[in-house]
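Note sheet for the following structure.
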Amino acid sequence: MATEFPTNARVVIVGGGVMGVGLAYHLSHEGWGDDTVLLEKAELTSGSTWHAAGQITHSTSSFGLGKCVDYNIGLYSGGLEAETGQPVTWHGCGSFRLAYTEDEMDWLRHTLSVGRALGFNIELVGSDKVAELHPFYNLDGVLGALHTPDDGHVDPTNVTMAMATGARQKGVKIIRQCRATNITQLPSGEWQVETEKGTITCEHVVNAGGTYARQMGEWSGLQLPMTSMTHHYFVTEPVPEFEALDTELPVIRDDKKVSGYIRMEQKRGLIGIYEKENPNSVWHDHCPWDYENWLFDADYDRVMPYLEESLNRMPIFAELGIQREVHGAISHPPDGNPLIGPAPGVRNYWCCCGTQIGIGWGPGLTRELARWMVHGAADISMRDYDPRRFGSYATKEWQVVKAEEDYCLRHEIPFPHFNRLAGRPIKPSPLYELLKSKGAVYEEVYGFERPRFFAKDGVAQEDHYGFNRTVVEDMIATEVKAVRENVGLMDATAFTKVLVSGPDAYALLDRLTANRMPQKTGSITLTHMLNRKGRIELETTIVRMADDAFYLVCAAFFEQRLLDHLNHQRADEEVTTKALSAEWSALSLNGPRARDVLSACTDANLSNAGFRWLSAQQITVAGHEIWAFRMSYAGELGWEFHMPNAACLDVYNALWAAGEAHNIADYGSFAMNVMRMEKGFKGAGELTNEVTLAEADVLRFARTDKDYLGRDKTLNTDLPWVCAYLEIEPDGKADGHGGEAVIMGGTVVGSTASVTYSPTVGKILAFAYIKPEAAVAGKALDLIIHGEPRAAKVLSEPAYDPASIKPRTDAA
């Protein structure tokens, strides 16, 4: 009997691959099952899901993805089948990731440290262990491997069908052979989804369109950056040597030689390759709607060097034929991370797409998206996946360039601070060429080009990669010393800058911020905006420029997040929000000689009486009227200057000329990070959507005498963890990179969020989320760095200038 087509729902998910079905499954487990409809234009899994190879591994150095992977393996290895009665065909064969070079070994050591923090069954082993469990692999040149015995692979279709069964059991309605043709927002704020079978009105709409997701976004005026890249895997004829095996061989991930993976497929061999040059992107403008279970002809020329090496590494494959060629399209966003979360600029349109590793990441990420939709926050940091991390600069042409770059990096070493250079620059500051001529090595932040460090003394003007210290640390130490002893100047343009104005601007901001709002024109407040779970949306500095005008500064990648938060929380207040990030530049002047430099450039009274700490004034420098904020992220005497782009070069040149007598130096974001860690200032790595103000240990910025969004939950929360400030003994070689396990009495009690070496105090400094009983001042702990324990202790005050006297230094 035909079922009546629904006309209303709370949630409509468009797309029936592992991502869309995974979200339906998890929404049903969060209580929204009866109110959720999933639409699939053909059959479930008929897009990219069905042709996935289905591997999943604990070998990840991402703390958040690690949590997702562990959850997924639990689902696949028994949980899902036990719940639904549907088999998923789990192969728990384990896996090895091989290393041929010391850089690869360092990568594995760091991954081991992260895995220990997450409680994974993970071990760094020699080639003899690989040979014992996989006697057919040619291990010539292999130095070691990361062994993750709980890994495996699974049938992608079976997993998706089992989750669909679980979703249906909790009330989700799944409609197949029903193509959506348009998605528009109604004046009421609801969404209208037009389909071949009828129209549904819903509160929330989810784009889980896979390779169709970008063009589906265009229906609603949205730019969702992703490009379809084609990937090969090959299945050999039956392998005689496999016939006698009682257990399945582990999956081999050979990043250097094969640029991919090799495993058993029943009694056959399976070889997957991500070639590192000449990648193939398709459907730049439009993925054909009638493509179902679509594959491309194999392109052997593209992959032949790696295919030949795979046969060298698995000699038992060498005389066999290829029985099956799988060459299908997979979505790649510009940075390789999926788009999971709210679409930019609209309310209740959610992205669940752009996932290049749907089986490996999908269920865990869709669980977090379901929590976000239902409860207002995910339980892992979603910063790396938030669709709003891209701006209008992410044009289609740029998306293709970046997706092709990402594809080629799929099996390269993910060095700390790896700098993706393709398609740049796209948003250079007015100082870009000048600072480049002075040795600046740039990084991209929300499209902006920001100096990381300045190459000096014959050091090559390029990134120098390693999991251990490199010559870059010497450059950072030089810049930090210059700021601490004399004066430094930084291009701080790469920050979000938003003007909030209007008769009700104060009222809106007051009910969205935890701290006391700036009361007088020229006052400055550091504060946090929260979600309804009391967790941190973002940290922002607020400058009161006039009675009804407030200037907000926060991390560059939070621009759209800030705008959306303001606009979505606004009721009937008369407020205007304007992003100035692209129109205004910023400079930061810090160091004991900062007042001497600035006083040579302006007539303004720069004494403590004339220009108090945490205050703002308009001053004239180099003939330009600019805003000066007396504040310092470096923890020194200092000012920030904000101005229209046209003034920036003149102001910089004037400050530099005045500073030459005081040994002024340029400094970049790496030095800035070191100095904020020396001062114990928390940053975006600590202040995430995972934590409340209490957990982040920033309650000193929260008022108890006012109402604001999330107040009760952020002030009255249990503390499963708390952010502690640690000092760690250095070994002169490896300092850590975040995610490392923190140990107390032999037990893991948490992990690091940020880690850096301080040249000023001669110690490694870290912020770590650890159990409250471990976060006691003076407590002795251990930190696992590159697999080895290092002595650490909890600090009770900043490692540098704990009384914060230096920023408040008065004029002589």
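Data for the structure
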| item | result |
| --- | --- |
| Complete set of residues in the stretch 438-463 that are open to solvent by 20 Å² or more (accessible area, probe 1.4 Å) and over 30 Å from ARG388 (Cα atoms) | LYS438, LYS456, ASP457, GLY458, VAL459, ALA460, GLN461 |
| Pairs with Cβ under 9 Å, 6+ apart, first in the stretch 740-764 and of a type outside the set (Phe, Trp, Tyr), second part of a strand (DSSP E or B) and at pLDDT below 95 | none |
| Boolean, CYS601 is open to solvent by 20 Å² or more (accessible area, probe 1.4 Å) and either part of a strand (DSSP E or B) or at pLDDT 95 or above (or both) | yes |
| Residue match in the stretch 321-331 (condition: more than 22 Å from GLU218 (Cβ to Cβ) and either within 19 Å of the chain's Cα centre (by Cα) or aliphatic (A, V, I, L, M) (or both)) | yes |
| Close pairs (9 angstrom Cβ cut-off, 6 or more residues apart or separate chains): free of Cβ contacts under 8 Å to residues at least 12 places away in the same chain in the stretch 208-228, buried (at least 24 other Cβ atoms within 10 Å of the Cβ) anywhere | GLU218/LEU224 |
| Single unsatisfied condition, VAL88 versus (1) part of a loop (DSSP other than H, G, I, E, B); (2) touching a Leu at 6+ places or on another chain (Cβ under 7 Å); (3) open to solvent by 10 Å² or more (accessible area, probe 1.4 Å) | (3) |
| Subset of the stretch 219-254 [within 25 Å of the chain's Cα centre (by Cα), surrounded by 21 or more Cβ atoms within 10 Å (Cβ to Cβ) and assigned to a loop (DSSP other than H, G, I, E, B)] | LEU224, PRO225, MET226 |
| Qualifying residues in the stretch 412-437 (those that are within 18 Å of MET475 (Cβ to Cβ) and in a loop (DSSP other than H, G, I, E, B)) - the one most open to solvent (accessible area, probe 1.4 Å) | HIS417 |
| Residue within the stretch 292-315 that is polar (S, T, N, Q) and crowded, with 16+ Cβ neighbours inside 10 Å present | yes |
| Residue check for ALA586: touching a Phe, Trp or Tyr at 6+ places or on another chain (Cβ under 7 Å) and within 21 Å of GLU433 (Cα to Cα) | yes |
| Residues located in the stretch 763-812, provided they are open to solvent by 70 Å² or more (accessible area, probe 1.4 Å), modelled with pLDDT under 95 and among the hydrophobic types (A, V, I, L, M, F, W, C) | ALA812 |
| Failed item, numbered, when ILE174 is tested on (1) of a type outside the set (Lys, Arg); (2) closer than 15 Å to TYR25 by Cβ; (3) open to solvent by 20 Å² or more (accessible area, probe 1.4 Å); (4) in a helix (DSSP H, G or I) | (4) |
| Selected residue [in contact with a strand residue (DSSP E or B) (Cβ under 9 Å, 6 or more places away or on another chain), on the phi < 0 side of the Ramachandran plot, surrounded by fewer than 23 Cβ atoms within 10 Å (Cβ to Cβ) and touching a residue at least 12 places away in the same chain (Cβ under 8 Å)] from ASN645, ASN653 | ASN645 |
| Residue that is farthest from LYS67 (Cα to Cα) [pool: residues in the stretch 111-170 that are charged (D, E, K, R) and either without any contact (Cβ under 8 Å) to a residue 60 or more places away in the chain or open to solvent by less than 20 Å² (accessible area, probe 1.4 Å) (or both)] | ASP140 |
| Tabulated pairs, the stretch 527-541, first over 13 Å from SER381 (Cβ atoms), second aromatic (Phe, Trp, Tyr) and in a strand (DSSP E or B), C-beta under 8 angstrom, 6+ apart or interchain | THR541/PHE629 |
| Spans of strands (runs of 3 or more DSSP E) in the stretch 469-546 with at least 2 residues in contact with a His (Cβ under 7 Å, 6 or more places away or on another chain) | 536-546 |
| Those residues of the stretch 695-747 which are aliphatic (A, V, I, L, M), under 21 Å from SER796 (Cα atoms) and out of contact with any helix residue (DSSP H, G or I) (no Cβ under 6 Å at 6 or more places or on another chain), in sequence order | ALA696, VAL698, LEU699, ALA702, LEU719, VAL722, ALA724, LEU726, ILE728, VAL742, ILE743, MET744 |
| Residues (of a type in the set (Gly, Ala, Ser), over 17 Å from MET517 (Cβ atoms) and open to solvent by less than 20 Å² (accessible area, probe 1.4 Å)) located in the stretch 710-741 | ALA724, ALA734, GLY736, GLY738, GLY739, ALA741 |
| ARG595 in a loop (DSSP other than H, G, I, E, B), over 30 Å from GLN223 (Cβ atoms), open to solvent by 20 Å² or more (accessible area, probe 1.4 Å) and among the basic types (Lys, Arg) | no |
| Sole residue being farther than 26 Å from SER259 by Cα and either touching a His at 6+ places or on another chain (Cβ under 7 Å) or open to solvent by less than 20 Å² (accessible area, probe 1.4 Å) (or both), chosen from VAL37, VAL69 | VAL37 |
| Residue within the stretch 700-709 that is surrounded by fewer than 21 Cβ atoms within 10 Å (Cβ to Cβ) and either within 29 Å of PHE670 (Cα to Cα) or touching a Phe, Trp or Tyr at 6+ places or on another chain (Cβ under 9 Å) (or both) present | yes |
| Selected residue [within 30 Å of the chain's Cα centre (by Cα), under 27 Å from GLY74 (Cα atoms) and assigned to a strand (DSSP E or B)] from LEU124, LEU108, LEU112 | LEU124 |
| Positions within the stretch 583-606 being hydroxyl-bearing (Ser, Thr, Tyr) and farther than 15 Å from GLY638 by Cβ, in sequence order | SER585 |
| Residue that is out of contact with any Ser or Thr (no Cβ under 7 Å at 6 or more places or on another chain) and either open to solvent by 40 Å² or more (accessible area, probe 1.4 Å) or under 21 Å from LYS682 (Cβ atoms) (or both), where the choices are ARG516, ARG535, ARG511 | ARG511 |
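The values are calculated or read from the model by the stated rules, or taken from the named source; none is laboratory data. In this text, all values refer to a predicted model and were calculated from it rather than measured experimentally. Neighbour counts run over all protein chains shown; Cβ positions are idealised from the backbone, glycine included. Please note that ligands, DNA and RNA were not included when accessible areas were found on the heavy atoms of the full protein model with its side chains. Shrake-Rupley method; radii C 1.70, N 1.55, O 1.52, S 1.80 Å.
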